[in-house]
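Report on one structure; see the data block that follows.
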Amino acid sequence: MAIAVCSPSRIVRRIHHLLIALVAICCVAATASAQTTVTLDTPGTHINADVTIQGGAYGWSDFSNSPVLASKVSSSDTYTRRIFLKFDTQNYVPANAKIQSAYLYLVLNQSESTENRPFTAYYVNKSFVKWETNWYQYRNGQSWSTPGGDLGQSYGTTYVGNQVGTAQRFDITSLVQAAVNGQFGSRYTRMALIDTGGVSSGNYKEFHSTRSPYPSLRPRLVITYGGSATAQPAPAPAPAPAPTPAPSTGGSTTLKVMQYNIKKTKGSDGVCNPGRIADVIAAQRPDVVSVNEVNFYSGTCAWNFDMANHLESLIEQRTGQQWYRQIVNVYGGSSGYGNVLFSRYAPVAQTSTLLSYQRGVAAMTISVNGRQVSLFSTHVEYDNASWRPIQIREAVNWMNNFGQLRIMMGDFNTWPGTSDYNIMAQPYQDAWAAAVNSGTASAYNGSGNTHGGSRFDYVFYSRVSTLSLVSVTVPDTRVGGVYPSDHDPVVAVFRIN
């Protein structure tokens, strides 16, 4: 039997060929796997701007503080909204890198209907700036060529449904690739997300912005670059956990609110009696109360104590429940005068702002039936009529920074049908007027007036399908013929759908 014997040189050549093959295989594997994934999600560094712009009456409004990014298609610019975002792909992605995938994730916060809407991504030709971008300009003193933004090429359309709390994924791979290639000059990814569907009722949608108090709900851009193999699409992240809603006290889908100017607790008999005010509130069993003309260690009825704190304690005694409050003291410091919101619901967030001519707005966001509802309390000027429109416009513009489910309560010191009234009544619905039209309004005085022969106290609310009015009442607060205040309260019941 013959045995084949390889010469040493032949063995060396075979080993050499095998090593070459192994090196080639390793190189191919390395090339296919040498990919990097970056997540751009940090406000101010990764995300330079995320903002809603709105046209018409809100064209100059700055929504840079809003916790949401809103979209709406309308035949009127006043109700049209677009979403603008800018990501730093210049410093966090190498120039000319091969982009395997780039997915933008936005968590849906609200959807008015079950309709799927087409959102198209556009490159934005001008470098817009946070705090300075609106419908008319992309930075202070520099206008868009076309109101509503200078839009370049479109880069794909994604249909967005109505599953609140889910992360919607937008494929903007080709847009990011063009940006990092320097195709637009700057290598930042500037984009607009615009609903390109037709005008229809209930097409409003909103997503959480970088101002959301919950990091898991904020926008993020996930980019995979490098290598030559085709990357698999990044899996959609699991829905972010929604904040746990506070337990409902009057049904899981209803919210009862109450507006009441308490005149510092001085009744029609001239006596200051916070206990009577607490009795009125407890008798109506509201979930949220807006009170005006509250003194803090100052003036009539409360020169030596905090009326808001005292009222909260009295209400808790009468209801047997814990309450929460948010104040706005228009004079600042520990003493002064202002408005207060009381709530049975633990607030998700709370804040306040000052208006011109020593007025202010107290604000609180609560969670009801899994939805966040923003509540406001204000008191507008009475003596100087020229100040009222200024204060109301400032309040409306500030409210636009909050989620779409909004309820504004207050003493507006104006009459229905006036130009002052219309500043609120055009963007928001007057609850009493709506209840009258639907036959669900009732008032002990037969008119709904809240101050003598005038209807000064109002509950306004967002015109969205997820917030519907059930009824409005102006109750009789007299005990033994004495009114606890010179105003009557307004009590409105809403259904949170």
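The values are calculated or read from the model by the stated rules, or taken from the named source; none is laboratory data. Just so it is clear, the structure is predicted and the values come from calculations on it, not from any experiment. Because the Cβ atoms are built from the backbone with ideal geometry, glycine has one as well, and the counts that use them run over all protein chains shown.
Test of understanding: among V107, V129, which residue is surrounded by fewer than 21 Cβ atoms within 10 Å (Cβ to Cβ) and over 18 Å from N203 (Cβ atoms)?
Unique residue meeting the criteria: V129.
Within region 136-153, can you find the residues that are polar (S, T, N, Q) and loosely packed, with under 15 Cβ neighbours inside 10 Å? Let's see the steps before the verdict.
Step one: filter region 136-153 for residues polar (S, T, N, Q), giving 137, 140, 142-143, 145-146, 153.
N140, Q142, S143, S145, T146, Q153, listed by residue number.
With the condition being surrounded by fewer than 20 Cβ atoms within 10 Å (Cβ to Cβ) and not assigned by TED's automatic domain parsing to the domain that holds Y58, I'd like the strands (runs of 3 or more DSSP E) fully within region 380-476 carrying at least 1 qualifying residues. Walk me through how you get there before you give the answer.
Details: elements: 406-411, 441-443, 457-461, 467-474.
Hits in region 380-476: 441-443, 467-474.
In region 185-227, how many are within 23 Å of L405 (Cα to Cα) and hydrophobic (A, V, I, L, M, F, W, C)?
5
Determine, yes or no, whether W135 is more than 23 Å from A179 (Cα to Cα), touching a strand residue (DSSP E or B) at 6+ places or on another chain (Cβ under 8 Å) and not assigned by TED's automatic domain parsing to the domain that holds V464.
Values: more than 23 Å from A179 (Cα to Cα): yes; touching a strand residue (DSSP E or B) at 6+ places or on another chain (Cβ under 8 Å): yes; not assigned by TED's automatic domain parsing to the domain that holds V464: yes.
So W135 passes the test.
Could you count how many residues in region 303-328 are closer than 29 Å to Y214 by Cβ, touching a residue at least 24 places away in the same chain (Cβ under 8 Å) and crowded, with 17+ Cβ neighbours inside 10 Å?
Adding up the residues that qualify gives 6.
Would you mind listing the strands (runs of 3 or more DSSP E) fully within region 326-369 where at least 3 residues are in contact with a strand residue (DSSP E or B) (Cβ under 8 Å, 6 or more places away or on another chain) and more than 16 Å from M399 (Cα to Cα)?
The strands (runs of 3 or more DSSP E) meeting that bar are 336-343.
Would you kindly identify the strands (runs of 3 or more DSSP E) lying entirely within region 90-147 that contain at least 2 residues that are within 26 Å of the chain's Cα centre (by Cα) and aliphatic (A, V, I, L, M)? Steps first, answer last, please.
Numbers: elements: 99-111, 117-124, 137-139.
Counting at least 2 such residues, we get 99-111, 117-124.
Looking only at region 68-96, count how many residues are within 25 Å of V38 (Cβ to Cβ) and either outside the structural domain of T166 (by TED's automatic domain parsing) or buried (at least 20 other Cβ atoms within 10 Å of the Cβ) (or both). Spell out the reasoning first.
Narrowing region 68-96 to residues within 25 Å of V38 (Cβ to Cβ): 69, 83-96.
From the residues that got through so far, the ones that are either outside the structural domain of T166 (by TED's automatic domain parsing) or buried (at least 20 other Cβ atoms within 10 Å of the Cβ) (or both) too are 69, 83-87, 89, 93.
Residues meeting the conditions: 8.
Considering (1) within 30 Å of G202 (Cβ to Cβ); (2) surrounded by fewer than 18 Cβ atoms within 10 Å (Cβ to Cβ); (3) touching a residue at least 40 places away in the same chain (Cβ under 8 Å), say which one T157 fails and leave the rest.
In the conditions (1) within 30 Å of G202 (Cβ to Cβ); (2) surrounded by fewer than 18 Cβ atoms within 10 Å (Cβ to Cβ); (3) touching a residue at least 40 places away in the same chain (Cβ under 8 Å), T157 misses (3) alone.
Looking at (1) touching a strand residue (DSSP E or B) at 6+ places or on another chain (Cβ under 7 Å); (2) under 30 Å from L108 (Cα atoms); (3) not basic (K, R), which one does D411 not meet, given that it meets all the others?
(2)
Any chance region 35-51 includes a residue that's at pLDDT 90 or above and charged (D, E, K, R)?
For region 35-51, residues at pLDDT 90 or above and charged (D, E, K, R): present.
Kindly establish whether T300 is touching a helix residue (DSSP H, G or I) at 6+ places or on another chain (Cβ under 9 Å), at pLDDT 95 or above and among the polar types (S, T, N, Q).
On the way: touching a helix residue (DSSP H, G or I) at 6+ places or on another chain (Cβ under 9 Å): yes; at pLDDT 95 or above: no; among the polar types (S, T, N, Q): yes.
Against the criterion (touching a helix residue (DSSP H, G or I) at 6+ places or on another chain (Cβ under 9 Å), at pLDDT 95 or above and among the polar types (S, T, N, Q)), T300 does not qualify.
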